[in-house]
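Heads up, the thing below is written out as structure tokens.
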There are 2 protein chains.
Amino acid sequence: MRATVDFFLFDWLAAERLVSRARYADHSRSTFSEVLDTCERVARDKVAPYNREVDTHEPQLVDGRVVLPQSSVDAAMAYVRTGMLAAAQDYADGGMQLPCVVEMAANAFYAKAGIGVGGGMMLTSANANLLRVHGSDAQRRTFANPQFAGRWFGTMCLSEPQAGSSLSDIMTRAEPDGGDYESDALGPRYRIHGHKMWISNGDHEVTENIVHLVLAKIPGSDGRLPPGASGISLFIVPKHLVAANGQLSGARNDVVVAGLNHKLGYRGVPNTVLNFGEGRYPVAGRAGALGYRVGAAGDGLRCMFHMMNEARIAVGLGAAMIGYAGFEASLAYARERRQGRPAGPGGKDPTQPSVRIIEHADVRRMLLAQKAYVEGGLALALYCARLVDEQRSAERPAAEKAALLLELLTPIAKSWPSEWCLEANSLAIQVLGGYGYTRDFPVEQLWRDNRLNMIHEGTHGIQAIDLLGRKVTMRDGAGLALLAARIEATASAAAATSFQREGAALRAALGRLVAATREAWATKVPEEALANATPYLQAFGHVVIAWIWLDVALATLSAEKAVPAAADFLQGKRQAMRYFFEFELGKIDPWLAVVASRNPVCREMREEWFQT
Amino acid sequence: MRATVDFFLFDWLAAERLVSRARYADHSRSTFSEVLDTCERVARDKVAPYNREVDTHEPQLVDGRVVLPQSSVDAAMAYVRTGMLAAAQDYADGGMQLPCVVEMAANAFYAKAGIGVGGGMMLTSANANLLRVHGSDAQRRTFANPQFAGRWFGTMCLSEPQAGSSLSDIMTRAEPDGGDYESDALGPRYRIHGHKMWISNGDHEVTENIVHLVLAKIPGSDGRLPPGASGISLFIVPKHLVAANGQLSGARNDVVVAGLNHKLGYRGVPNTVLNFGEGRYPVAGRAGALGYRVGAAGDGLRCMFHMMNEARIAVGLGAAMIGYAGFEASLAYARERRQGRPAGPGGKDPTQPSVRIIEHADVRRMLLAQKAYVEGGLALALYCARLVDEQRSAERPAAEKAALLLELLTPIAKSWPSEWCLEANSLAIQVLGGYGYTRDFPVEQLWRDNRLNMIHEGTHGIQAIDLLGRKVTMRDGAGLALLAARIEATASAAAATSFQREGAALRAALGRLVAATREAWATKVPEEALANATPYLQAFGHVVIAWIWLDVALATLSAEKAVPAAADFLQGKRQAMRYFFEFELGKIDPWLAVVASRNPVCREMREEWFQT
């Protein structure tokens, strides 16, 4: 995968041009490469060998404590030692001031080696990052810095048993802790009571403390929780209490793990139910977990979602990497395994030796589809990460455009790899046949691991409503218009090359997508427009990936002139692009047909008709 | 599901008309219903409650013996007591002389309750059935009858570690056992040496004996095995030796279980590696498992594949039933779980209570898709089973037509539910969200169980080559012409109803399928035609299911006149049909586009281009 990452980063996205900007001025292609070298090596040597063990020995709840296999702990600590938790932070804070695109590329190696490490660590850096932006100085110093250093890990506590996709229904309460609650050095102090569900890394003993970021509602003067999302605030709730000087006080906070969720996959990350404030560890003699408010009251969702774009790109990247691991495993198998013979004009000749299965066209189809999905997903994630850098470090109009395009693409960056790289994992199983269905090969685990990605960090359905209900209509469609302009530019560039036909096909697909968007909203009735939001999301994703692949293919032309020895490698990218255009892009038509016609079949389906 | 089964059997397929034929003359709708009642009840009470335990406590190899959880044994015995192993056999042989379509419908309840029982038992009845047709009188009496009675169970030993899809490469040897080998009362006696892989139910202690049906090659005079499939013969190899009078001799045959395959799912059926003739249990003082040849030497594959149509329909039915179990589970969840609110013209009102998720259009989409897939798969399996009955009991021209259509449809009956009811299982997980990803709900297991079906009994790729390479071209395309005539008949009937539009869409789809078939073979080069056989299989399957659904929908019209109270139930069938036509049928175009153009992208992909 390294050659592909390098090609995407340097030949396609021109990441080294970022060093012309002040923040990255100390960097060069060689410092970027050193980070990639380190992460590739540590992931291969310290994480990948234990990925099966982490699945087989899933986290256990023993006497109220979550116990992980030692290999999980070792892998996490190997990651911490690479300094990647603070990769993007200032030198002054112990960071590397790496661009997001390089950070994501480096993290990709971990996600491919074992999603437990990649996925788990992302939570800690996102938690600390949120505090860096929205926390007070004291909160940053006390709660963010130990996370950047890997001494403490973090969580994001959003969902509750009754409130998953619908955060406005959370029931966790935060009540001011005493009359002096506003004068605590660590921030306005509250007592938290409630139950949080699906909390990854919610408990463990890998680090000496855990920093929970908790969404909760502050009751009004009538004691009732405000309805809706605008009543949600954000709180820091440490597992072990922390003194004003940042030292552990030695006392537990009133947070306990109430249970572990036993998952289909993704078992390297313990997933917990947490109870806050049930009185198991009273603080100052009474029940209620201590929490320090971050930002203003009622501003919780805004603070939390500030980090959501990056978190969602990281989920998409993780999905692409689980897919990549399956692609590599099935490619290696197909190169070795002998079975069957080609059918010649006279049928098959059983006296001839059998061939390696990579020689069968249908196996090549399954490998090529995987390649198109997983490398397409990787390319999209890196493109989006590059937009993050642009948003952060470019001049104003360019930065604003990048931010706009990123907003639009985020639901695709999250959902498309979650769906299609799962399909890639299924194809990897199929290439291995019966062997793929056994636990003697990694592909079945990868398929199980990847199934989570369409669910967490906003389900497929939520992403679809975000895209069609908000992103394509925001600012009078400015985001969609910007994307259309970028796609047009790629199609135009293709017209002057051997990819003229693909450029025309992409332009036509864009036209159908834009028309369907307009038709979906023609009646201005959200129920009608959004009933088929998921097929819209799927079609949008396929158009975006077709564009990404064509843009990548254009980059191969100049790269090949520069390095003729890379011809086979680059030809593979072009063939994956062709596969996508000829086998995949046509799928958008049935999806867009139901969108454009505001097809009522699902909307009108009645519960009583579901009788079986 | 019972109402659906009854509707398909009696209203759509007119199964009770079969009682006009001599073989079924003692039956009536009520005797058929009694069988369904019994199987529905036993499956619900004796099998379903243990389906998770069978997954959690997978078979273990202890001191060379395969040990199953007691609940597996109990479930199998509950099945045996219903007499279903001999359901289709003559009264004289202790059977019920049931039509295949009723037998399959009854078995569907077991497959839905726990694939371990349904899938495992099917092997025993198929084994015994094969012996009934191809065995000698003594072989039938000695080896088939104890299986029909459930005293012994059976296996099918085809694959070897190096030969899965490519049976012509098997290396198991069968050598005549002494000069008098042809005079054994149980059949020509051989010594078997070799390794068999992926053998379901290959060892256990549920029954006092196991009857292995083993494919092996008889060496030529030069001691070498003949190349190709024509050199394959079929042998009965009992685990425990049997005397000429059918009694157990008390001695073991030289067959041992060498290992268990640890599977992703489908764990109710132990899957083994068997070693034949390695000398662990010498027979008459020397190594070599005793085997009795069935049929003529070299006729092994023909005997084995005689039963393959029914086995493949049963695999498809099993896939549909695993899908059905997920559909029911997610439907029940969606009817209970509250989350979110509808988006009205003024957005969402958080002061209103949340709604049950079945009220969200996207959830209804996921439920309706599942319904279209799993009931479509069930309908296809029953249609094919009805063809088996027609082939067996109708007058000659009708019987021959049924046989021809069945040959053509078998790869679809096997592959289509394997692919799309797996997708249904994924949608069931998605409906449950995070809960669906845990082992606290059944849907994750169902998804794992169903993943096997695209692999065993001929992979998807093998089915595709069978369809495009053999079935649509056989007898100058007579099978395809017959199917086209049936589809035309349904489309014509629809023209006189409110389904005129669907009839026209079906006719158009058929036209594109037939044209693509012709184009695929236009150059008469198998490599070019078959490179895209899998997309062809997918398109063919979607056209067939669209036809099946439209035919089912036509049957709802008359049924509703007869029983107005069933209106909601019948409307649900029509809505699933509409879903299939409006959301699914359009998918055939991109699949057929690559077929018709003999798209070379996969064929021309080179191994060296796969560099990552």
What shape does region B:146-216 have by the C-alpha gyration tensor, where a ≥ b ≥ c are the square roots of the eigenvalues, rounded means a/c under 1.5, and otherwise prolate means a/b greater than b/c and oblate the rest? oblate
Enumerate lysine pairs in region A:2-306 that are 8 or more residues apart or on different chains, then count those whose Cα atoms are under 20 Å apart. 6
With a ≥ b ≥ c taken as the square roots of the eigenvalues of the C-alpha gyration tensor of region B:425-560, please select rounded if a/c is under 1.5 and otherwise prolate if a/b is larger than b/c or oblate if it is not? oblate
Would you calculate the convex hull of the Cα atoms in chain A and tell me its volume per residue in Å³? 189
Taking Cα atoms of the protein assembly as shown, Rg/Rh with Kirkwood Rh, to two decimals? 0.98
Using +1 on the beta carbon of Lys and Arg, -1 on that of Asp and Glu, and nothing else charged, what's the dipole of region A:459-599 about the Cα centre, debye to 20? 180
Cα pairs beyond 15 Å in region A:503-576, in percent, come to 63
Footprinting exposure proxy for B:S558, A:S166, A:S393, B:S415 (fewest neighbouring C-beta atoms within 10 Å first): B:S558, A:S393, A:S166, B:S415
What are the residues whose amide H is under 5 Å from the amide H of B:M156, where those residues sit 5 or more places off or on another chain and H is modelled from the backbone? B:S200, B:L213
Other-copy label distances relative to B:R356, 7 angstrom Cα-Cβ extension, nm: 5.6
With the label set 7 Å along Cα→Cβ, B:A3 is separated from its counterparts in the other copies, in nm and shortest first, by 6.0
Give the relative contact order (percent, whole number) for chain B; include only Cα pairs under 8 Å separated by 6+ residues. 11
Overall form of region A:131-262 per C-alpha gyration tensor (a/c, 1.5; a/b vs b/c): oblate
Across the identical copies, how the B:P219 labels are spaced - nm, sorted shortest first, 7 Å along Cα→Cβ: 8.7
Counting just the Cα atoms, what span does region A:2-306 cover along each of its three principal axes? Round to the nearest Å and put the largest first. 61, 45, 36
Quick one: Debye curve from the alpha-carbon atoms of region B:176-220 only, equal weights, vacuum; give me log10 I(q)/I(0) at q = 0.19 Å⁻¹ to two decimals. -0.80
How long are the three semi-axes of the equivalent ellipsoid of region B:41-117, in whole Å, if each is the root of 5 times an eigenvalue of the C-alpha gyration tensor, listed from largest down? 27, 15, 9
Applying the span-like rule to chain B (DSSP H, Cα extent along axis at least 27 Å, Kyte-Doolittle mean at least 0.0) gives B:115-134, B:308-336, B:361-393, B:396-432, B:474-495, B:533-562
Residue-wise HN-Hα coupling along region A:208-215, computed from phi with Karplus coefficients 6.51, -1.76, 1.60 (Hz; x: Gly, Pro): 6, 8, 10, 9, 8, 9, 10, 8
Say a site is exposed when it is one of the GluC sites (Glu not before Pro), sits in a DSSP loop, and has at most 14 other Cβ atoms within 10 Å; what is then the longest site-free stretch of chain B? B:396-612
Tell me the mean residue ellipticity at 222 nm calculated for the protein assembly as shown from its helices only (DSSP H runs of n ≥ 4, each -39500 (n - 2.57), averaged over every residue, nearest 500). -16000 deg cm²/dmol
Please list the non-local residues whose amide H lies under 5 Å from the amide H of A:S249, H modeled 1.01 Å from N, same-chain partners needing a gap of 5 or more. A:L241, A:V242, A:A243
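Values quoted throughout were computed directly from the atomic coordinates according to the rules given, and no laboratory measurement underlies them. In this text, all values refer to a predicted model and were calculated from it rather than measured experimentally. All Cβ positions, even for glycine, are placed from backbone atoms using ideal geometry, and neighbour counts span all protein chains on display.
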